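Following: one structure in structure tokens, then a few remarks.
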């Protein structure tokens, strides 16, 4: 079976080796780039890279620039690594369509677990179509249409909307959403979910009102009759 190809981008060779060693142990094929320009060139030359692990601070082209460049053409999952823990950086990452945001130092085993979780979700080939209140979710094609118009969602926004629709009418705590959509134990606050919900609502236009806030708990997807 052909191994899944992952591109690791970091200007620190020791960091690349650490991440690569753990990924190779999990049977991934790993490509390396030491700066942003090299990463972009490699990504478009290879065509079959399934996921990027991308450092923020790099020479020639930083991680944000790489993400912007790739997002113009691809929705490939991106995990962003950063030494910073600034909330503005995290929010910028979500704005640019980053799927995961991990602050250094981190556990390589947890990183691999997140890689595997993302790939499981993005590679599921369920022939499932969900329809409700003018929203059509094609899980095979990873597309969403609202009143016949396609809307552009990140991988995480797509999964969040799918989870809401599959659990329509059910009050969902933030913890439950994290466990099911992010698929790992999350030891942080609720900003991650709230930021994604805010963006999702905005992209859904008036249909965003279907996502109801339950104060002090979480959210509920409810379509008005």
Of the residues in region 25-63, those that are surrounded by 21 or more Cβ atoms within 10 Å (Cβ to Cβ) and part of a helix (DSSP H, G or I) come to 36, 39, 43, 63
Among the residues of region 118-131, the number that are surrounded by 15 or more Cβ atoms within 10 Å (Cβ to Cβ) and modelled with pLDDT of 80 or more is 3
Taking region 75-94 and the residues there that are at pLDDT 70 or above and under 11 Å from the mean Cα position of the chain (by Cα), the one that is nearest to residue 152 (Cα to Cα) would be 75
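The values are calculated or read from the model by the stated rules, or taken from the named source; none is laboratory data. As the structure is a computational prediction, the values presented were derived from the model and not from experiment. A quick note on method: Cβ atoms are made from the backbone with ideal geometry, for glycine too, and the neighbour counts reach across all protein chains shown.
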